[in-house]
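The values are calculated or read from the model by the stated rules, or taken from the named source; none is laboratory data. On a predicted model such as this, the values are computed, not experimentally measured, just so you know. Here the Cβ positions follow ideal geometry from the backbone for every residue, glycine too, while neighbour counts run over all protein chains shown. Quick note on the areas: whole protein, heavy atoms, side chains included, nothing else; ligands and nucleic acids left out. Shrake-Rupley method; radii C 1.70, N 1.55, O 1.52, S 1.80 Å.
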Amino acid sequence: MAEAAKATQAVKGEHGYHGNVHERSKALMEAWAAESARRARTGEPSATIMISGNCVEILRAFDIHPLFPEVSALQMAIRKQSLPLILKAEQVGYSSDNCAYVKADIGYLLSGGYGPEGTLPRPALVLCNYVGRNVYVKWFEHLAEFTKAPLYVLDIPFLREARPSPDDVAYVVRQLREVIALCEGITGKRFDIDRLREILAYSARAEEGWVRAKELCKAHPAPFDAYFDSINMMGPINVLRGTRECAEFFDAAVPEYEGMVARGEGPLPEERFRTVVEGPPPYPYYRSFRNLFAKWGAVAVQSTYSTVGGIWEFGFRHDPERPLESIAEQMLVQNLTNRSLLDRYGQIRAYVEGWRADALVIHSIKSCRLFSAGQGDMREYFTKELGVPTLLVESDLEDPRYYAEAQMRNRIDAFFEALEHKKVMGR
Amino acid sequence: MTFEAIVEECRARLARPPGEVAATWKAEHPGGRAIGCFPVYTPLELIHAAGALPLAVAGGGTTVELTHADSRFQSFVCSIAKTTLELGFQGRLAGLDGVLFHSICDVARNLSSVMRRNFPDLFVEYLHLPQNTASEAAVDYLEAEYRRLLARLEGLVGHPVTDDDLARSILAHNWRRGLLRRLYAFRAQAPHLLSLAECALLTRAAGAMPVESYGPLLEAALVALGAREGRLKDRVRVVVEGAFCEQPPLGLLEVIEEAGCYVLDDDLMTGWRWFTEDVPVDGAPLRALAEAYRDRSEYSSIRHDWRKPKAQGLLEKVRRAGADAVLFLPAKFCEPALFDYVLYREALEREGIPHLVVEFEEKQWTFERTRNEIETFVESLLFD
Ligand code: SF4
Ligand code: SF4
């Protein structure tokens, strides 16, 4: 394709990203942020919690407002505000090799971002849902130290066999009960299981919609980019899960995408390559990174990053009939991070086959060894064992210093040129 | 045997890759199995009670050239993960029947997967040690987790393991750990008579030998040490913290002392020492091990005990040793150590305890810059 034509496609593509889903997601997330800011002033209870396999429903059952430091950190990166915060954290001893998400958040905290003068409330509880991520533990340990808020680390045994053992489940459920007792203490409210069931019903409804949207990406063209546009749905499904607004958001998103599929519309004027993307995006350069793919007509039809919070496309739903057990199951099994790297290979393989992708793109994140350590082996597996063309590029999800645009572009261009060549020859 | 000869014996044993050690031992113990233990803490008793030989599998130090492993793990991953994998690619783990990993960090976690895929004949097991030791539920959980591991080991060796087997193994390892505590106590009292490098060699050898032959060797070393003489010099007395997983090169340990420090305590090979006192043998053994993990363990960057901050553990160690300063020695890219540094630093500054950070890599072989840094630090303490 001529350079000029490619450029036109990229520009058109940019305008095609946004739909109602994007706008509604933005509005919901802004409302969540406004509620955080309001609670920073009023002192009504909030708790920090992690995205991966979380138990936000329990907090919700007590009207404890959930804060997600990961989300605040990525928002700072998108707004290009992360670097000074990262540097601030490095001044107090964080290493250049520590996860920059943590540094941006702690940098924000040290700049007064948490508390009555800031946009985030000082949490009444620092609740760390440890789901196979050791960095989470360190992050929340530090948050608790710096905010002087009580810390509870909800230990989720790593998925070591195909299924968690009854002992694993019992361990998690016992801890969930301890969390409930803590929440009762914080709010002075009695735990109401029926309220939790209602919340879980909303969760399940949203999960159903999210899965349906992802299923629609099996269409050619896919109605949205399951990596770059997924972020619009990841906000609601992870941050607002269990609310009516979240369920309604997905109720509305699905028909919108169904309509696009019926009309043969996708996020780009032409879908020329279908990819599965592994790894978080470079938030400080989100748009420019996206354009490097859009220019080639490459659309992600599935992504692993969109399943950090939960994996629902293989059938799991929260179950109001089994409230604590299904929360435990989500934390133990049904999220990307509490599963082994080999489980992730299996998940990606299912995506490549089920969503009929042409290639795998691995975005390797310096900050995040949980995602990235061993991705060279992943590339080896997909190229050598499965014959799936695989591209590996490196940068960071939060720290703008690790994004080398020219190098990135060269690698991406070379990869898609080769892929295009293969396609032409294959015809 | 003289003390020096014992140290040389340890050095020679450590020069052999774990696969070779395993193969030799198995030739002498037909039907025996050998299990590699990735740092930090492994319940060795379970392996030992199953009649298998636990050996440390902890990277390759300066002895391996990376040929394959660096294409599997990126440049920003610690060295031990890559050299351990490389040992596998180079056939230097052949002889081991399995390798055990556990929940120390995100890298080790992924490494266990990569090992499993690349070495399908190896029994690769992952142990989830509890991260919420404050919860009452943790001990029950850990006991069940040990039972699960034991069942897997029983499957591997092909026979059941009894409580008596376990109790005997606890006694054997209590003995070994007790000897190591004596070695450390000796150095804390007389750091001029036992150098850091010597101490490290003696400790590391625990991971390269069966406990039955290691114990007598260490006993002999302790006896021989008693006869050593020397004069205490004017040096800065430090505690070394942060090198609990990847081990610093011996050359670096020598430089620390040459630059003017006495090391009174450290966390080198902490997983092979781990308990602060003996594990009781009067109850159910797996329960006792699980309780000991919660209640009798050293504080560590990779063990989370919310009842007591790690920084308090470090401060107590410094005071107990009567140290003047802390030398923080994290492996390059070691995230647990680098994160903890922030809280350690805060506590040390609050208490007015000076510290210096020196990052290392196991395969490093020149230390001139480090020497200068430590010398400057020492001078600032001695002459200020
Ligand atoms: S290391 Fe990765 S998974 Fe962990 S907090 Fe950082 S970005 Fe998230
Ligand atoms: S050196 Fe640190 S980062 Fe590397 S495996 Fe050990 S604990 Fe993990």
Exercise for review: Go through the residues of the range B:68-87 one by one and say whether even a single one is within 16 Å of ligand 1 (Cβ to nearest atom), within 9 Å of another protein chain (Cβ to nearest Cβ) and hydroxyl-bearing (Ser, Thr, Tyr).
Suggested key: no
Check your understanding: Between residues in the range A:135-156 that are of a type in the set (Gly, Ala, Ser) and residues that are in a helix (DSSP H, G or I), which pairs lie under 8 Å by C-beta distance while being six or more apart or on different chains?
Key -> A:149/A:143
Review point. Out of (1) within 16 Å of ligand 2 (Cβ to nearest atom); (2) touching a residue at least 60 places away in the same chain (Cβ under 8 Å), what's the single condition that is false for residue B:73?
Key: (2)
Practice item. Please specify each residue of the range A:348-377 satisfying the condition of being out of contact with any Pro (no Cβ under 7 Å at 6 or more places or on another chain) and within 16 Å of ligand 1 (Cβ to nearest atom). Key: A:362, A:364, A:366, A:367, A:369, A:370, A:372, A:373, A:374, A:375
Practice item. Answer with yes or no whether residue A:352 is crowded, with 23+ Cβ neighbours inside 10 Å and either within 7 Å of chain B (Cβ to nearest Cβ) or in contact with a strand residue (DSSP E or B) (Cβ under 6 Å, 6 or more places away or on another chain) (or both). Key: no
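Every residue, every condition in (1) within 18 Å of residue A:230 (Cα to Cα); (2) open to solvent by 10 Å² or more (accessible area, probe 1.4 Å); (3) within 16 Å of ligand 2 (Cβ to nearest atom); (4) not in a loop (DSSP other than H, G, I, E, B), yes or no:
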residue: A:306; (1), (2), (3), (4): yes, no, no, yes
residue: A:317; (1), (2), (3), (4): no, yes, no, no
residue: A:342; (1), (2), (3), (4): no, yes, no, yes
residue: A:348; (1), (2), (3), (4): yes, no, no, yes
residue: A:362; (1), (2), (3), (4): yes, no, no, yes
Review point. Got a number for residues in the range B:109-138 being under 17 Å from residue A:340 (Cβ atoms), at the interface with chain A (Cβ under 9 Å from one of its Cβ atoms) and either of a type in the set (Phe, Trp, Tyr) or in a helix (DSSP H, G or I) (or both)?
Key: 10
**Study point:** Those residues of the range A:49-84 which are touching an Asp or Glu at 6+ places or on another chain (Cβ under 9 Å) and within 15 Å of ligand 1 (Cβ to nearest atom), in sequence order
**Key:** A:50, A:51, A:52, A:69, A:70, A:72, A:73, A:74, A:76, A:77, A:82
Review point. Looking at the range A:161-170, is at least one residue buried (at least 22 other Cβ atoms within 10 Å of the Cβ), of a type outside the set (Phe, Trp, Tyr) and at the interface with chain B (Cβ under 9 Å from one of its Cβ atoms)?
Key: yes
Check your understanding: So which helices (runs of 4 or more DSSP H) are wholly in the range A:67-151 and hold at least 2 residues that are open to solvent by 10 Å² or more (accessible area, probe 1.4 Å), in contact with a strand residue (DSSP E or B) (Cβ under 8 Å, 6 or more places away or on another chain) and within 14 Å of another protein chain (Cβ to nearest Cβ)?
Key -> A:134-147
Review point. For the range B:126-153, which residues satisfy the criterion of being surrounded by fewer than 20 Cβ atoms within 10 Å (Cβ to Cβ), more than 11 Å from residue A:171 (Cβ to Cβ) and free of Cβ contacts under 8 Å to residues at least 60 places away in the same chain?
Key: B:148, B:151, B:152
Practice item. Identify, from the list B:282, B:305, the residue that is open to solvent by 10 Å² or more (accessible area, probe 1.4 Å), more than 14 Å from chain A (Cβ to nearest Cβ) and more than 16 Å from ligand 1 (Cβ to nearest atom). Key: B:282
**Study point:** Any hit, the range B:220-241, residues being away from ligand 1 (no atom under 16 Å from the Cβ), under 28 Å from residue B:40 (Cα atoms) and within 14 Å of chain A (Cβ to nearest Cβ)
**Key:** yes
Check your understanding: Are any residues in the range A:39-66 part of a loop (DSSP other than H, G, I, E, B), within 20 Å of the chain's Cα centre (by Cα) and over 22 Å from residue A:322 (Cβ atoms), and if so, which ones?
Key -> A:50, A:51
Practice item. Look through the range B:94-107, keep the residues that are open to solvent by 10 Å² or more (accessible area, probe 1.4 Å) and more than 12 Å from chain A (Cβ to nearest Cβ), and return whichever of them is nearest to ligand 2 (Cβ to nearest atom). Key: B:96
Revision key, fill the gap. Contact list, first residue from the range A:363-378 and within 7 Å of chain B (Cβ to nearest Cβ), second anywhere and within 13 Å of ligand 2 (Cβ to nearest atom) and among the acidic types (Asp, Glu), beta-carbon distance below 7 Å, six or more apart or interchain, is A:369/B:106; A:369/B:335; A:370/B:106; A:373/B:106
Check your understanding: Taking the condition more than 20 Å from the chain's Cα centre (by Cα) and at pLDDT below 95, does residue B:89 pass?
Key -> no
**Study point:** Members of the range A:364-397 that are within 16 Å of ligand 2 (Cβ to nearest atom) and aromatic (Phe, Trp, Tyr)
**Key:** A:371
